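This report concerns only the one structure given below.
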Amino acid sequence: MSKPNRDRFDDVSRSSGRVGAHRAEAPGMNGWIVLLWSFVAALVLIIGGIFGSLVVMGRISLFPEAVPTGTPAPEETGVVDTTYSVLILNATADEGLDDQMRDTLINTGWSGDVVFASDSTSQDFATTTVYYVADDDELAAIGLAGVIGGADVQQSDFYADLNDTELKQLTVVIGLDRSANPPAGSETPAP
């Protein structure tokens, strides 16, 4: 094999210790920094994946629809239907509230033989409520609540067994919100 020709680089002193293309790792890069960057990259990918999944499933909306603030929701006004029988239960300690409400309904157009008034076994019912049984009876219950001066309206078949007529029945339970003398320690709801 032939010997290469000498040039000016052959005379450079070898004190630096580095020879060649210098592709070795930078001396300041250490394993902990690489581990930290790997952790940060994994965390970003996981968070991005979770967010992307929530968007695809529809749990997060990127562009939510604006909700109009000025228009109130329409309120059910109900229908006054005097063909229903009405059971009135006085669930307060005040005597005669059931008879007063019966007179109100009779003066509004109900027949006296389909409006029944009685005292309830309970005397601590909080809010006057009109109960109806079937979904078809809801508008009539709302109408009755309006006739008696406002009341809650709820669907329940609890009082359905008390109906001994062939007519559909609504039940009014008079609560402490209509009582002139609420029992001590009870709060009277604001009107």
Amide H to amide H, which residues 5 or more places from residue 153 or on other chains are under 5 Å from it, using H placed in the peptide plane? 130
Treating segment 87-181 as a set of equal point scatterers at the Cα positions, no solvent, please give the Debye-formula log₁₀ I(q)/I(0) at q = 0.14 Å⁻¹. -0.45
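Read-outs: derived from the displayed coordinates by stated rules, not from any lab. Being a predicted model, the structure only gives us computed values, none of them experimental.
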